[in-house]
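Engineer: Sharing a structure with you now.
The values are calculated or read from the model by the stated rules, or taken from the named source; none is laboratory data. Nothing here was measured: the structure is a model prediction, and the numbers come from that model. Here the Cβ positions follow ideal geometry from the backbone for every residue, glycine too, while neighbour counts run over all protein chains shown. Each accessible area value is taken on the protein alone, full model and side chains, heavy atoms only, with ligands, DNA and RNA left out. Shrake-Rupley method; radii C 1.70, N 1.55, O 1.52, S 1.80 Å.
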Amino acid sequence: MRGRDLINAFLPDEVILEIFRHLDSKPSRDACSLVCRRWLSLERLSRTTLRIGASGSPDLFVKLLARRFVNVKSIHIDERLSISLPVQLGRRRGGDQLTLSSLKLQYMTEISGSEDGQAESYCLSDAGLAALAEGFSKLEKLSLIWCSNITSLGLMSLAQKCTYLKALDLQGCYVGDQGLAAVGKCCKQLEDLNLRFCEGLTDTGLVELALGSGKSLKSLGVAACVKITNQSLEAVGSHCKSLETLSLDSEIIHNKGVLAVAQGCPLLKALKLQCINVTDEALIAVGTGCLSLELLALYSFQQFTDRGLRAVGNGCKKLKNLTLSDCYFLSDKGLEAIAIGCKELTHLEVNGCHNIGTMGLESIGRSCQNLTELALLYCQRIGNCALLEVGRGCKFLQALHLVDCSSIGDDAICSVATGCQNLKKLHIRRCYEIGNKGIIAVGEYCKSLTELSLRFCDRVGNEALIAVGQGCSLQHLNVSGCHQISDAGIIAIARGSPQLNYLDVSVLQNLGDAAMVELGEGCPLLKDIVLSHCRQLTDVGLSHLVRNCTMLESCHMVYCQGITSTGVATVVSSCPNIKKVMVEKCKVSSRTKRRAGSVISYLCVDL
């Protein structure tokens, strides 16, 4: 810096710290920390969150982090994200600390091989967790995702030191009852607890936690814990009166446990259930006792009928979000009860409920005028008339998802387009009755549309995309498998959507280099592109694409016959932000592999 350092001379620490707190990206914070020693020290003081993957020496790593970032209140450790340390342990001039500046604390996703070519992953131990607790005593949120070496001993150390803990995620950790009981005893402010795949727990641990931290607990998730039974939920119902969210996935739990929660937790707002042994009796109790319920998700229920859903419609007047997935015995009558009773509904997903048809959804369209998102997946009995009613009644609809709805066609899409002009997201997959007519209407009326996905809609062609290109400015487009689309359609999108950042044109046999030239000129913000199985594309088109799309981060180009090793090398050398290139192994030259081997992914190797 030339001349006087005015910033450091006049700004006190408090002001610089406040500026750092407003930086919304880690690269920006890292860049500021490199300005001078004072800024490095202040940036460390301002950091309150750390995200950590597996490291070469995790216990030591945690100790070093604790010394450098003393005000951290939230730590996320996910040992599925595995790396090797990019620096060697050793002494620095003036100290014996590790050089941590090059360690990636966020999004550690690259796996570096060991000397024998095998990828290594290292797990945090109880000693490391104890060091974490000692170093981060102000900790409020901790996620330990698949930290398989953590036991009750480490969890007890954590509970004793981190008494301000409010959120704890133990997904995939084989902790026992003693550790969970210690959390209940010491962490009286605990509000959020996730116990997914904690196979070592039994009722003893969860009951003890409910007794200790039940008054503060607001959110609980339990899944695949085969030793947790109704007894645990009875304790939750008795002691967790402030519980607002319960997510339960169990083959062991019966009505008794859910009844206890429904009757004992009147403040419950969100309930997600995947319990094959729970029946209408439990759902009736939910409708009777959980009058504040706003979100209900029911998955794979074999014993629920319209009787249970009718009780929810009659009692849960505040319900806003409903998911019904693979509930085979629900019919139109149950959905009609929801429509009549839950007029504040904003999100509805119906997935694989084969007895729900047109009449049920018509009632939603007539009664739920605040609906903003609708997803219909594998609903063969829902036809055009249902979406005609949605188009007339749901003026605020912003997102529509249709998958394998064979009875829905252009008339339905036209009705939605003309009636729901605030639509922002339209995702359609394998709906073979939808063609150009419906999508042209979307382009004409839905000017706010930013995401369009038309996967394997083989009746959609260039006319539809030309209308969309003229009427909408897309950010996300997926036309994979729409074989009638060629250069003309993609060129129209390139000219009308300068904000486009994601594009999937895979399996378009008639797409050529002309479209790539237009994309390169018109869509400089493009980050992700999928070109696989586009047989007419060549290295020439690819070079035009990457010439201006320098922000490209991923490029899939498997089975593109006209693209050679030259094209692959062009992508790698022209895009400084590239993170993933998927291609056949035979198209990667030795030079490209040396230069960018870490970003190359292979599909169907050595066929």
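Engineer: Quick test for you: out of Leu309, Leu335, Leu374, Leu361, pick the one residue that is farther than 23 Å from Arg429 by Cβ and touching a Leu at 6+ places or on another chain (Cβ under 8 Å).
Structural biologist: Unique residue meeting the criteria: Leu309.
Engineer: Can you name the helices (runs of 4 or more DSSP H) wholly within the stretch 140-225 that have at least 3 residues being among the polar types (S, T, N, Q) and farther than 20 Å from His239 by Cα?
Structural biologist: Here the list reads 152-161.
Engineer: Give the stretch 436-469 a look and list any residue that's within 16 Å of Gly419 (Cβ to Cβ), in a loop (DSSP other than H, G, I, E, B) and touching a helix residue (DSSP H, G or I) at 6+ places or on another chain (Cβ under 9 Å), or say none.
Structural biologist: Cys446, Lys447, Leu449
Engineer: Would you mind finding the one in Ile413, Ile408, Ile382, Ile428 that is more than 27 Å from the chain's Cα centre (by Cα) and more than 30 Å from Gln303 (Cβ to Cβ)?
Structural biologist: None of the other options fit; the residue is Ile413.
Engineer: Name the residues in the stretch 412-435 that are assigned to a helix (DSSP H, G or I) and buried (at least 19 other Cβ atoms within 10 Å of the Cβ), would you?
Structural biologist: The answer is Ala412, Ile413, Cys414, Ser415, Val416, Ala417, Gly419.
Engineer: Turning to a different aspect of this structure: Could you tell me which of the residues Cys586, Cys575 is hydrophobic (A, V, I, L, M, F, W, C) and surrounded by fewer than 17 Cβ atoms within 10 Å (Cβ to Cβ)?
Structural biologist: Being hydrophobic (A, V, I, L, M, F, W, C) and surrounded by fewer than 17 Cβ atoms within 10 Å (Cβ to Cβ) holds for just one of Cys586, Cys575, which is Cys586.
Engineer: Taking the stretch 41-55 only, how many residues are within 30 Å of Ser125 (Cα to Cα) and out of contact with any strand residue (DSSP E or B) (no Cβ under 8 Å at 6 or more places or on another chain)?
Structural biologist: 7
Engineer: Scanning the stretch 55-78 for residues that are of a type outside the set (S, T, N, Q) and in a strand (DSSP E or B), which turns out farthest from Leu170 (Cα to Cα)?
Structural biologist: The selected residue is Ile75.
Here's the yes/no breakdown for (1) among the small types (Gly, Ala, Ser); (2) at pLDDT 95 or above:
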{"site": "Ser121", "(1), (2)": "yes, no"}
{"site": "Leu155", "(1), (2)": "no, yes"}
{"site": "Leu165", "(1), (2)": "no, yes"}
{"site": "Cys173", "(1), (2)": "no, no"}
{"site": "Leu180", "(1), (2)": "no, yes"}
{"site": "Gln189", "(1), (2)": "no, yes"}
{"site": "Ser213", "(1), (2)": "yes, yes"}
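Engineer: Right, here's the next one. Does Lys317 meet the test of being basic (Lys, Arg), under 26 Å from Ser232 (Cα atoms) and open to solvent by 10 Å² or more (accessible area, probe 1.4 Å)?
Structural biologist: No: the conditions fail for Lys317.
Engineer: Something else about it: Suppose we keep only residues that are of a type in the set (A, V, I, L, M) and more than 7 Å from Gly179 (Cβ to Cβ) within the stretch 148-165. Which one would you say is most open to solvent (accessible area, probe 1.4 Å)?
Structural biologist: This residue is Leu153.
Engineer: Determine, yes or no, whether Lys218 is within 18 Å of Lys166 (Cβ to Cβ), open to solvent by 70 Å² or more (accessible area, probe 1.4 Å) and in contact with an Asp or Glu (Cβ under 8 Å, 6 or more places away or on another chain).
Structural biologist: Judged against the criteria, Lys218 is a match.
Engineer: Specify which of the listed residues (Leu85, Leu23, Leu98, Leu81) is modelled with pLDDT under 85, assigned to a loop (DSSP other than H, G, I, E, B), surrounded by 13 or more Cβ atoms within 10 Å (Cβ to Cβ) and under 25 Å from the mean Cα position of the chain (by Cα).
Structural biologist: The match here is Leu23.
Engineer: Among the listed residues Ile364, Ile338, which satisfies the condition of being touching a helix residue (DSSP H, G or I) at 6+ places or on another chain (Cβ under 6 Å), farther than 23 Å from Gly409 by Cα and not small (Gly, Ala, Ser)?
Structural biologist: Ile338
Engineer: Just the residues that are assigned to a helix (DSSP H, G or I) and touching a His at 6+ places or on another chain (Cβ under 6 Å), please, taken from the stretch 494-525.
Structural biologist: Met516, Val517, Gly520
Engineer: Moving on. Just name the residue that is least open to solvent (accessible area, probe 1.4 Å) out of those in the stretch 258-308 that are closer than 19 Å to Leu233 by Cα and among the charged types (D, E, K, R).
Structural biologist: The qualifying residue least open to solvent (accessible area, probe 1.4 Å) is Asp280.
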